[in-house]
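> Structure provided below as structure tokens; questions to follow.
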Amino acid sequence: MAALGDANKLLQARLLRGRERGIMPIQNAVSIRDVMSTDILTVGSEETIPEAARQMSERNIGAAIVEPETHRSRPGIITERDVLDCVASGRRAEYLHVADLFTPDAMTLPPDSSLQQAAKVMTSDGFRHLVVFDGEETLGIVSIRDIVGRWSKEGQLPGLGTQIREAMTTDVFAVELEDTLREAARKMGERGIGAAMVEPGKEGRPPGMISAREILHSVAAGEDPDTERVADHLAPRRTFSAPDWSLSQAAEAMSKGGFQHIVVVDMNGIAGILSMRDLMRSLVRSSTDQ
Amino acid sequence: MDGVRRRLARGLVRGTVAAMAMTGGRQVTTGLGLVEQTPPDAIIKQRAPGLLVRMPRLAFFVARRQAALVELAHWFYGAGGGAAFAMLPDSVRRRSVWAGIGYGLFTTLVFELGIVPILGLDKFKKIRPIEQLMFTADHLLYGLILAEGEKRALPEKRGRWLR
């Protein structure tokens, strides 16, 4: 946690130095203030995990702000990945509180940071959400989807000609239909992934998928992850592409359709999986190369 | 009415055959590296996000069989173009070479000035001059095959001295 705090301070200092030199943020560039969600969910650190999960599940969001202890201090954050890790660890969510799982001193950025800066922080530190904090209060939360959506809408996606195959993960992991949610969460947690395929080998049929979001919904409903089966919690929506389709097409589909993952298939079956994080990493790499 | 239907049917068949000939030509130009990506390929790879968002099952089907589906779609357009050519006046269709060249250039222009800007395909990849030349050449091939077939189907024009 100390490392996170240090990284945060370093980033803030870097932004400040840049601003003093008149380099950052870029004048007239879109800032995260323009794309952030201001309608944020705030939960208290004493709330139980199922209660916090229920609020996130109802709004179908993957992260909530945890109220800071004192005014002007940085807020905390709890995400669906924290809930997934909790289920994976074998702990009983109903006996845990937000305080047991959340990340205090969340990674924050000032509101006038550029989308490019936010994207770089997200990819280098592996965050899907950043808290927008002006030094006194939390103004909003910005996600990978917000940034990709804005770039896509304005036709400013870097690396327009890049193919999905260059960004996707080819090491696709699958769980069984009969696995319990606990087993599936544990397998996903061990590999540090947020989604797994289900029955990928069924010839000619679109494979199923389960993600951290489905685990969150189940915890929110107060279900027992030791008895609930993957078969009853498959992601209701998923989409597919071929490896040589363009990354910009995938970005547009993910931001418009709200997909966190795209399953990449070819004539031989599943070729890979493209997550929002893979997409962002590739876009940042392309923009650096340009 | 029957005559029109027969003309349309003939046009559809000729259009399909001419599009198939284009496919063969494109296999060669793509294989030689002159063309990186054919226009029907570009459309499906770059401009079908709606398919992914609204019709994921169809996206799955297309992604697994795209090589065949892209060609089928191209033949389908080719058939439509053949039917349209068949409805041109006899006087035009009789001039097989000029009508073929003209129609080939026309279909190239429809693609370049209509489909490319509408779908924004030019944003993704700069088309090299050699690719442009190859696209024009295979549309000319399409036009010539279509026109020559149509000319052969027309009744022989009697010479003035036979009247």
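> Considering only segment A:161-199, state which residues are among the hydrophobic types (A, V, I, L, M, F, W, C) and under 30 Å from A:Thr38 (Cα atoms). Walk me through how you get there before you give the answer.
Within segment A:161-199, the subset among the hydrophobic types (A, V, I, L, M, F, W, C) is A:164, A:167-168, A:172-175, A:177, A:181, A:184-185, A:188, A:193, A:195-198.
Matches in segment A:161-199: A:Ile193, A:Ala195.
> Could you identify the single residue in A:Asp224, A:Asp278, A:Asp232, A:Asp289 that is out of contact with any Cys (no Cβ under 7 Å at 6 or more places or on another chain), within 27 Å of A:Gln117 (Cβ to Cβ) and at pLDDT 90 or above?
The unique qualifying residue is A:Asp278.
> I've got another one for you. Going by what's in this entry, would A:Met168 be described as in contact (Cβ under 8 Å) with a residue 24 or more places away in the chain, within 14 Å of chain B (Cβ to nearest Cβ), of a type outside the set (Phe, Trp, Tyr) and touching a strand residue (DSSP E or B) at 6+ places or on another chain (Cβ under 8 Å)? So that I can check it myself, show each step before the final result.
Working: in contact (Cβ under 8 Å) with a residue 24 or more places away in the chain: yes; within 14 Å of chain B (Cβ to nearest Cβ): yes; of a type outside the set (Phe, Trp, Tyr): yes; touching a strand residue (DSSP E or B) at 6+ places or on another chain (Cβ under 8 Å): yes.
Here the answer is yes, as A:Met168 does meet what is asked.
> Can you confirm whether B:Arg26 is outside any loop (DSSP other than H, G, I, E, B), of a type in the set (D, E, K, R) and loosely packed, with under 14 Cβ neighbours inside 10 Å?
Working: outside any loop (DSSP other than H, G, I, E, B): yes; of a type in the set (D, E, K, R): yes; loosely packed, with under 14 Cβ neighbours inside 10 Å: no.
Taking the combined requirement at face value, the residue does not satisfy it.
> Which residues, counting only those in segment A:206-224, are farther than 30 Å from A:Arg150 by Cβ and either without any contact (Cβ under 8 Å) to a residue 12 or more places away in the chain or more than 11 Å from chain B (Cβ to nearest Cβ) (or both)?
Hits for segment A:206-224 are A:Gly208, A:Ser218, A:Val219, A:Ala221, A:Gly222, A:Glu223, A:Asp224.
> Sticking with this one: Of everything in segment A:66-115, what is part of a strand (DSSP E or B) and within 18 Å of the chain's Cα centre (by Cα)? Give them in sequence order.
Within segment A:66-115, A:Val66, A:Gly76, A:Ile77, A:Ile78, A:Thr79, A:Thr103, A:Thr108, A:Leu109 qualify.
> Taking A:Asp82 as the residue in question, decide whether it is outside the structural domain of A:Arg281 (by TED's automatic domain parsing), under 24 Å from A:Arg186 (Cβ atoms) and crowded, with 16+ Cβ neighbours inside 10 Å.
So A:Asp82 passes the test.
> Right, something else. Take A:Ala251 and decide whether it is over 25 Å from A:Ile78 (Cβ atoms), crowded, with 24+ Cβ neighbours inside 10 Å and facing chain B (nearest Cβ under 9 Å).
Considered against the rule, which asks whether it is over 25 Å from A:Ile78 (Cβ atoms), crowded, with 24+ Cβ neighbours inside 10 Å and facing chain B (nearest Cβ under 9 Å), A:Ala251 comes out as yes.
> Right, here's the next one. Looking at segment B:32-43, which of its residues are under 20 Å from the mean Cα position of the chain (by Cα) and either on the phi > 0 side of the Ramachandran plot or in a helix (DSSP H, G or I) (or both)? Steps first, please.
Within segment B:32-43, the first condition is being under 20 Å from the mean Cα position of the chain (by Cα), and the residues that meet it are B:34-43.
Those that are under 20 Å from the mean Cα position of the chain (by Cα) and either on the phi > 0 side of the Ramachandran plot or in a helix (DSSP H, G or I) (or both): B:Pro39, B:Pro40, B:Asp41, B:Ala42, B:Ile43.
> Taking segment B:11-35 as the search range and keeping residues that are over 15 Å from B:Thr136 (Cα atoms) and in contact (Cβ under 8 Å) with a residue 40 or more places away in the chain, which one is farthest from the other protein chains (Cβ to nearest Cβ)?
Only one residue tops the list, namely B:Gly11.
> Sort through B:Thr108, B:Thr29, B:Thr23 and tell me the only one that's under 30 Å from A:Gly204 (Cβ atoms) and polar (S, T, N, Q).
Among B:Thr108, B:Thr29, B:Thr23, only B:Thr23 is under 30 Å from A:Gly204 (Cβ atoms) and polar (S, T, N, Q).
> How many of the residues in segment A:134-163 are over 22 Å from A:Ser246 (Cβ atoms) and touching a Pro at 6+ places or on another chain (Cβ under 7 Å)?
Residues flagged as over 22 Å from A:Ser246 (Cβ atoms) and touching a Pro at 6+ places or on another chain (Cβ under 7 Å) within segment A:134-163 amount to 3.
To keep it simple, each residue is scored yes or no on (1) surrounded by fewer than 23 Cβ atoms within 10 Å (Cβ to Cβ); (2) out of contact with any Pro (no Cβ under 6 Å at 6 or more places or on another chain); (3) within 11 Å of chain B (Cβ to nearest Cβ).
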residue: A:Gly189; (1), (2), (3): yes, yes, no
residue: A:Asp226; (1), (2), (3): yes, yes, no
residue: A:Ala242; (1), (2), (3): no, yes, yes
residue: A:Leu247; (1), (2), (3): no, yes, yes
residue: A:Ile270; (1), (2), (3): yes, no, yes
residue: A:Arg277; (1), (2), (3): yes, yes, no
residue: A:Arg285; (1), (2), (3): yes, yes, no
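> Return the residues of segment A:74-85 that are in contact with an Asp or Glu (Cβ under 8 Å, 6 or more places away or on another chain) and farther than 17 Å from A:Thr38 by Cβ; say none if nothing qualifies.
Listed by number, the residues that qualify are A:Arg74, A:Gly76.
> Just checking: which of the helices (runs of 4 or more DSSP H) contained wholly in segment B:44-110 hold 2 or more residues that are β-branched (Val, Ile, Thr), away from every other protein chain (no Cβ under 14 Å) and touching a residue at least 40 places away in the same chain (Cβ under 8 Å)?
Numbers: elements: B:49-54, B:56-64, B:66-86, B:90-94, B:96-109.
Where helices (runs of 4 or more DSSP H) fall fully within segment B:44-110 and carry at least 2 residues being β-branched (Val, Ile, Thr), away from every other protein chain (no Cβ under 14 Å) and touching a residue at least 40 places away in the same chain (Cβ under 8 Å), they are B:96-109.
The values are calculated or read from the model by the stated rules, or taken from the named source; none is laboratory data. Bear in mind that the values here come from a model prediction, so they are computed numbers and not experimental data. When we count neighbours, we look across all protein chains shown, and the Cβ atoms used for this are built from the backbone with ideal geometry, even at glycine.
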